[in-house]
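One structure is given below, encoded as structure tokens.
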Amino acid sequence: MPPVIAFLSRMSADYQRPYLDALRAALPGEIVAPLAELSASQREQVSVAIVANPDPADLTALTGLRWIQSLWAGVESLIAALPSDSPPITRLIDPEMSRTMAEAVLAWTYYLQRDMPRYARQQTQRVWLQHAYRKPSQTTVGLLGLGELGQAAAVRLRDAGFVVHGWSRSPKTLDGVETYARDDGLCAMLSASDIVVSLIPLTAQTRGMLDAERLGRIKPGASLINFSRGPVIVASDLLDALDRGHLTHAVLDVFDVEPLPLDSSFWDHPRVTVLPHISAPTDHETAARVIADNIRDFRETGRVPCNVDLTRGY
């Protein structure tokens, strides 16, 4: 009998179908099926589960589970939902996602560097007025987070001619990028940046990292892009910084609650661009190939490809 892989998700059937189709195509020698479609004997065989916002109770039904492969790059919700003695977790590391995120960071950095929010406001007022052009070489972009996504974005921005600074918890080096680490480095990077881009994972340490004090450290008149997680920024403090004019604009793709509630102040704020979590969507085919490679290696060697440090939260 072929090996059995459980697919655990609270997505709708229509939304999860493309992922299942791609995974089955990438793993032709395996049975990949939702938990509800597996018999009792098949559930006992499952050593690997592929998950996307699963019900934690479903994982307890898999008594032989060896490791959990997340379909997402972010795993903070999964870690928070599972007990500390759960099997190891592997998050998705897909080069295509890094490319897509770097593309989004560059696109929305251009949007801010070319003053598009101001021109959009002028259009609504029927104002024909040209403003001075600021070159990429005159624009410093500060990246919060230099993991796979952050490094890909840094290279893309650097190659486009921007002055790139990057911050990470521990010291890192990247050619052509001014790097910072720890709290003192964070303050130095924020104060030097014309555009701040958040790409850090959500952990106990990064929740609320950009509060009133740190937002106040950002260069006056700068802009902010959040492509990481909503709770990294204290929403009320961000709105205050925008209302006071300390920050010129914020491009927000992630929020504390998603979908963004209809009564949120962000929807109508003149200095905010709201995006529906679209900066780096998971690609069905490339994600399936990455996951299939992980599973094939596990079948051949018995090695669990664990890359999530539960103590750090990512």
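Evaluated at q = 0.18 Å⁻¹, the base-10 log of the normalised Debye intensity for region 98-274, with identical point scatterers placed on the Cα atoms, takes the values -1.20.
If you take the Cα centroid of region 198-216 and the Cα centroid of region 88-161, the two points sit 19 Å apart.
The modelled label-to-label distance between Q42 and S191, using points 7 Å beyond Cα along the C-beta direction, is 6.1 nm. Along region 174-181 the Karplus relation, 6.51 cos²θ - 1.76 cosθ + 1.60 evaluated at θ = phi - 60°, assigns HN-Hα couplings of 8, 4, x, 10, 7, 10, 9, 8 Hz to successive residues, with x for each Gly and Pro.
Full extension of the chain between D240 and T173 gives 20.7 nm of extra length, using 0.36 nm per residue less the Cα-Cα distance. Taking D21, D175, D283 in turn, the Gaussian network model of the chain (Cα-Cα springs below 10 Å) assigns the largest fluctuation to D175.
Only Lys, Arg, Asp and Glu carry charge here, each on its Cβ (+1 for the first two, -1 for the last two); on that basis the chain has a dipole of about 800 debye about its Cα centre. Net charge dipole, region 98-274: roughly 520 debye, given to the nearest 20, about the Cα centre with Cβ charges of +1 for Lys and Arg and -1 for Asp and Glu. Counting heavy atoms of the protein chains alone, H284 has an accessible area of about 60 Å² for a 1.4 Å probe.
Report for region 98-274 the percent antiparallel among DSSP-assigned beta bridges with both residues inside it, nearest 5. That works out to approximately 5 percent antiparallel. Here the Karplus relation 6.51 cos²θ - 1.76 cosθ + 1.60, evaluated at θ = phi - 60°, turns the backbone of region 25-34 into coupling constants of 5, 7, 10, x, x, 10, 9, 10, 8, x Hz, with x for every Gly and Pro.
Given the choices (i) 19.8, 61; (ii) 23.0, 84; (iii) 21.5, 71, Rg and Dmax of the Cα atoms in Å derived from the coordinates of this structure is entry (iii). Heavy-atom accessible area for E96, with the other protein chains in place and a 1.4 Å probe, reaches approximately 50 Å². Helix 284-301 and the longest principal axis of the Cα set of the chain meet at an angle near 50°. Taking a point 7 angstrom from the Cα of S77 along the C-beta vector, which residues in region 1-33 have backbone N less than 13 Å away? Once the point is set 7 Å along Cα→Cβ of S77, 9-12 turn out to lie under 13 Å by backbone N, inside region 1-33.
Reducing region 2-56 and region 220-287 to their Cα centroids gives an inter-centroid distance of 33 Å. Measuring r between the beta carbons of V127 and A212 and using R0 = 30 Å, the FRET efficiency lands at 0.35. Give the share of C-alpha pairs in each 5 angstrom bin for region 27-115, from 0 to the last occupied bin, in whole percents, shortest bins first. Spelled out per bin, shortest first, that is 3, 11, 19, 18, 14, 10, 8, 6, 5, 4, 2, 1, 0. Compared with the dominant principal axis of the Cα atoms in the chain, helix 95-113 is inclined by about 20°. The residue among P87, Q125, F266 whose Cα reaches farthest toward the positive pole of the charge dipole of the chain, with charges on the beta-carbon of Lys, Arg, Asp and Glu, is Q125.
Across region 98-274, Cα pairs under 8 Å and at least six residues apart give a relative contact order of 17 percent.
Just going by the charge dipole of the chain, with Lys and Arg at +1 and Asp and Glu at -1 on Cβ, which of P3, L27, W167 is farthest out on the positive end? Of the listed residues, the answer is W167.
The values are calculated or read from the model by the stated rules, or taken from the named source; none is laboratory data. Everything numeric here is computed off the predicted structure, so don't read it as measured data. Because the Cβ atoms are built from the backbone with ideal geometry, glycine has one as well, and the counts that use them run over all protein chains shown. These area figures cover heavy atoms from the full protein model, side chains too; ligands, DNA and RNA do not enter into them. Shrake-Rupley method; radii C 1.70, N 1.55, O 1.52, S 1.80 Å.
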